[in-house]
Amino acid sequence: MESFAIDRTRVRDISHLLLDDLGRLRVTPSRILSETTRTERLLFGILHGFYSFPTTELCEFLRGRIGGRSAIEIGAGHGILARELGIPATDNRQQEEAAIKAHYERLGQPTVPYGDNVERLDAAAAVAQYKPEVVIACWVTHRYDPSRPQAGGSETDVDEAAIIGSCDEYIFVGNEHVHANKPIWQLPHERLTPPWLYSRAANGSGEFIAIWNREQLRAEG
């Protein structure tokens, strides 16, 4: 995990722009986020346990991409994106575990504020239960593979190759630097870099949408 020193007395608090009256993350037009700085977004994300910020444009894109197909979100965290899309939100909710909570307390950071619409299911169980045609994920960590230690990851996180093999389309929203080592990059995919994606990443790299489609995999496999 990368660290950045932030002098909170010199950085604007943008909570009033991104949180609703209940303290939940809003779906925000990208023009509002475009008027914030990377450091402001990083501080906001750290203070509230958010990683990516759903924009109106992202939701419109995903609705169009889903079309009439069944869909779920895995690793849904706060659940706002799934709520906006009207699809099931699932997450293993591991940051509610005592050991992980204690880890974040030592870092002086809050854990993810899981939404009340987020069902406790890991990614594999969620796909097995809902059998979706489309799976959406934002900023999920890939499963650690001991045969490829250089790729990093976590032993308790998502086997994305298995997810791709279990649905018609896997859509991942992430950051170029943070998610550079995903093993699934070796599989045929489509990569988009629209200007209306935002996150807490302060590393200077861009945000992206990557799509693994079953038909494309068959055609190029």
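The values are calculated or read from the model by the stated rules, or taken from the named source; none is laboratory data. Bear in mind the structure is a predicted one, so any value in this text is a computation, not a measurement. So basically every Cβ, Gly included, is an ideal-geometry build from the backbone, and we count neighbours across all protein chains shown.
In table form, for the structure just shown:
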read-out: Condition met for Pro132 (in a loop (DSSP other than H, G, I, E, B) and farther than 20 Å from Tyr51 by Cβ); value: yes
read-out: Glu215 vs. criteria surrounded by fewer than 17 Cβ atoms within 10 Å (Cβ to Cβ), closer than 23 Å to Gln95 by Cα and either touching a strand residue (DSSP E or B) at 6+ places or on another chain (Cβ under 9 Å) or acidic (Asp, Glu) (or both); value: no
read-out: Check on Thr39, in a helix (DSSP H, G or I) and exposed (fewer than 14 other Cβ atoms within 10 Å of the Cβ); value: no
read-out: Counted residues, segment 57-96 - those being surrounded by fewer than 24 Cβ atoms within 10 Å (Cβ to Cβ), in contact (Cβ under 8 Å) with a residue 60 or more places away in the chain and part of a helix (DSSP H, G or I); value: 6
read-out: Residues (closer than 25 Å to Glu35 by Cα and either crowded, with 18+ Cβ neighbours inside 10 Å or touching an Asp or Glu at 6+ places or on another chain (Cβ under 6 Å) (or both)) located in segment 180-201; value: Trp196, Leu197, Tyr198, Ser199, Arg200, Ala201
read-out: Among the candidates Trp185, Trp212, residue that is over 24 Å from Ala128 (Cβ atoms) and outside any loop (DSSP other than H, G, I, E, B); value: Trp185
read-out: Residue satisfying condition, being out of contact with any strand residue (DSSP E or B) (no Cβ under 7 Å at 6 or more places or on another chain) and closer than 21 Å to Trp196 by Cβ, within set Gly67, Gly108, Gly77; value: Gly67
read-out: Ala99 being part of a helix (DSSP H, G or I), modelled with pLDDT under 95 and surrounded by fewer than 17 Cβ atoms within 10 Å (Cβ to Cβ); value: yes
read-out: Number of positions in segment 113-125 that are crowded, with 17+ Cβ neighbours inside 10 Å and within 19 Å of Glu160 (Cβ to Cβ); value: 3
read-out: Residue among Phe50, Phe44 that is touching a residue at least 60 places away in the same chain (Cβ under 8 Å), in contact with a Leu (Cβ under 9 Å, 6 or more places away or on another chain), surrounded by 16 or more Cβ atoms within 10 Å (Cβ to Cβ) and assigned to a helix (DSSP H, G or I); value: Phe44
read-out: Boolean, Gly64 is modelled with pLDDT of 95 or more, of a type outside the set (Ser, Thr, Tyr) and at positive phi; value: no
read-out: Lone unmet requirement of (1) of a type outside the set (D, E, K, R); (2) over 24 Å from Ile66 (Cβ atoms); (3) in a loop (DSSP other than H, G, I, E, B) for Gln150; value: (3)
